[in-house]
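The values are calculated or read from the model by the stated rules, or taken from the named source; none is laboratory data. Note that the structure is predicted; figures quoted are calculated from it, not measured. Here Cβ is always computed from backbone atoms with ideal geometry, including for glycine, and neighbour counts include all displayed protein chains.
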Amino acid sequence: MNMSLIRRRKLTQRQTRQIQQNQHKDHNDGTLATGVIVSHFGKQLDVQITALPSILPEHDSDEQLLTLGAIWRCHARTNLPMLACADTVQFSLDLSSGLGRIERLLPRTTLITRPDRYHKVKPVAANVDTLVIVFAPLPKPAVNLIDRYLLIAKLAGVKPLLLLNKADLLSEHPEVANIACDYQKLGEQCGFSLISTSLVDDTGVDKLSAHIDGKLSIFAGQSGVGKSSLINKLLPNANQATNQISTNSQLGQHTTTTSRLLAYNNHKLHQGGIIDTPGIREYGIWHLSADDILTGFDELRPLADDCQFRDCSHHANAKGCAMWAAANRGEVLPRRIESLIGLIDEAKNGAASK
């Protein structure tokens, strides 16, 4: 018999045995630890133990490896879905190397995803309760970005919280005060809150803390709005890097490079924390339909059915557009319609370029 055929047959047998072993691991036979992914480094993940295996392995290694709260560097089993920071997983323990292997992904309550540069949808963060959308008088708020984050929250089933940081600068930027007022009114209509903070005198920090206490939150917003500084204030041990805004460009610089779960209590992850991640900075929407995007605009969605034409573009000059008729009556914000149009056009153009 041809030797290459024998080698292929043996390889197939090995693969079969591996699949059988993997299937055996699809249920916890008592040897798996349970934990939460607290850091994501691409192919490597740090998992903090929240429940020890019921069958503890015999070992002569450091006993601290097998304690609640211990953090294990892990790889994931190849046939698992893509994992995200704050996922709850079960993993096997190799005490000789001190490394683990994630065997199972436990059910998620929520999942924030985004498409990557290769047009594949990737998870950003799991089991999130609140998306804190941070903006500030400086750098100038990108209203369409705020609306994009509100869309993310809606699609993920996550509660949004708008946070106007650097409120001490509002007197110098009255147009931002108007934007904040508009979103506060919108929040009253659509079921989300807006609060203001200033780290100059800690205004609003206690209120922010009360809003996210006991929850798992993720902070999003333009660079330079003070996300890392806020996290440092809420979690003094977080050691987040911060950069000052360039006085020339008045633009912020990215400071976060790795997704991390910053827990309120390192020994009790169920008490919540903050996920700081670079993965939500840019959120492409090529994979969304116009109807998907419309779901992120609660006040505009009912009006779409009242447009004169079913294929209404909702542009300002569109004949019989119910949205612009409502805007002319002062019932909805023109800038929200413009954001909707921009996002729909972006999705169409992105899908066409795939």
Q: Considering every residue within the stretch 265-277, establish whether at least one is surrounded by 14 or more Cβ atoms within 10 Å (Cβ to Cβ), modelled with pLDDT under 95, in contact with a helix residue (DSSP H, G or I) (Cβ under 8 Å, 6 or more places away or on another chain) and closer than 20 Å to LYS154 by Cβ.
A: no
(Q) Among the residues that make up the stretch 292-303, is at least one of them touching a Lys or Arg at 6+ places or on another chain (Cβ under 8 Å), under 17 Å from LEU145 (Cβ atoms) and of a type in the set (Ser, Thr, Tyr)? (A) no
(Q) So, in the stretch 155-178, exactly how many residues are buried (at least 20 other Cβ atoms within 10 Å of the Cβ) and either assigned by TED's automatic domain parsing to the domain that holds PRO334 or under 19 Å from LEU343 (Cβ atoms) (or both)? (A) 3
(Q) Which of the numbered conditions does ASP306 fail, given that it passes all the others? Conditions: (1) in a loop (DSSP other than H, G, I, E, B); (2) assigned by TED's automatic domain parsing to the domain that holds VAL124; (3) not polar (S, T, N, Q). (A) (2)
**Q.** All positions within the stretch 294-327 that are farther than 15 Å from SER339 by Cα, surrounded by 15 or more Cβ atoms within 10 Å (Cβ to Cβ) and not small (Gly, Ala, Ser)
**A.** LEU303, CYS307, CYS312, CYS321
Q. Do we have VAL124 as surrounded by 19 or more Cβ atoms within 10 Å (Cβ to Cβ) and at pLDDT 95 or above here?
A. no
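Which one of these is within 22 Å of LEU145 (Cα to Cα), modelled with pLDDT of 95 or more and out of contact with any helix residue (DSSP H, G or I) (no Cβ under 6 Å at 6 or more places or on another chain): ILE341, ILE337? First the steps, then the outcome.
On the way: ILE337 fails: out of contact with any helix residue (DSSP H, G or I) (no Cβ under 6 Å at 6 or more places or on another chain).
It is ILE341.
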Q) Of all residues in the stretch 77-105, which are crowded, with 22+ Cβ neighbours inside 10 Å, of a type in the set (Gly, Ala, Ser) and assigned to a strand (DSSP E or B)? A) GLY100
Q. Which of the residues that make up the stretch 323-353 are under 17 Å from CYS181 (Cα atoms) and within 26 Å of the chain's Cα centre (by Cα)?
A. ARG335, ARG336
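Take SER209 and decide whether it is within 26 Å of ALA84 (Cα to Cα), assigned to a strand (DSSP E or B), outside the structural domain of ARG335 (by TED's automatic domain parsing) and among the polar types (S, T, N, Q). Outline the logic, then answer.
Numbers: within 26 Å of ALA84 (Cα to Cα): yes; assigned to a strand (DSSP E or B): no; outside the structural domain of ARG335 (by TED's automatic domain parsing): yes; among the polar types (S, T, N, Q): yes.
The answer is no for SER209.
State all residues of the stretch 106-128 that are outside any strand (DSSP E or B) and either under 26 Å from LEU56 (Cβ atoms) or not aliphatic (A, V, I, L, M) (or both); if no residue qualifies, say none.
Residues of the stretch 106-128 that are outside any strand (DSSP E or B), as a first pass: 106-110, 116-120, 127-128.
Scanning the stretch 106-128 gives LEU106, PRO107, ARG108, THR109, THR110, ASP116, ARG117, TYR118, HIS119, LYS120, ASN127.
Does LEU65 satisfy the condition of being modelled with pLDDT of 75 or more, outside any strand (DSSP E or B) and surrounded by 12 or more Cβ atoms within 10 Å (Cβ to Cβ)?
yes
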Q: For residues that are in contact (Cβ under 8 Å) with a residue 12 or more places away in the chain and either within 21 Å of ILE37 (Cα to Cα) or of a type in the set (D, E, K, R) (or both), tally how many sit in the stretch 117-146.
A: 13
Q. Could you list, in sequence order, the residues of the stretch 303-325 that are touching a residue at least 24 places away in the same chain (Cβ under 8 Å) and aliphatic (A, V, I, L, M)?
A. LEU303
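For the stretch 33-61, what are the residues that are farther than 23 Å from ASN127 by Cβ and either free of Cβ contacts under 8 Å to residues at least 12 places away in the same chain or touching a Phe, Trp or Tyr at 6+ places or on another chain (Cβ under 8 Å) (or both)?
If we filter the stretch 33-61 for residues that are farther than 23 Å from ASN127 by Cβ, which is where we start, we get 54-61.
Across the stretch 33-61, the qualifying residues are LEU56, GLU58, ASP60.
Any idea which of SER39, SER4 is modelled with pLDDT of 85 or more and polar (S, T, N, Q)?
Working: SER4 fails: modelled with pLDDT of 85 or more.
The match here is SER39.
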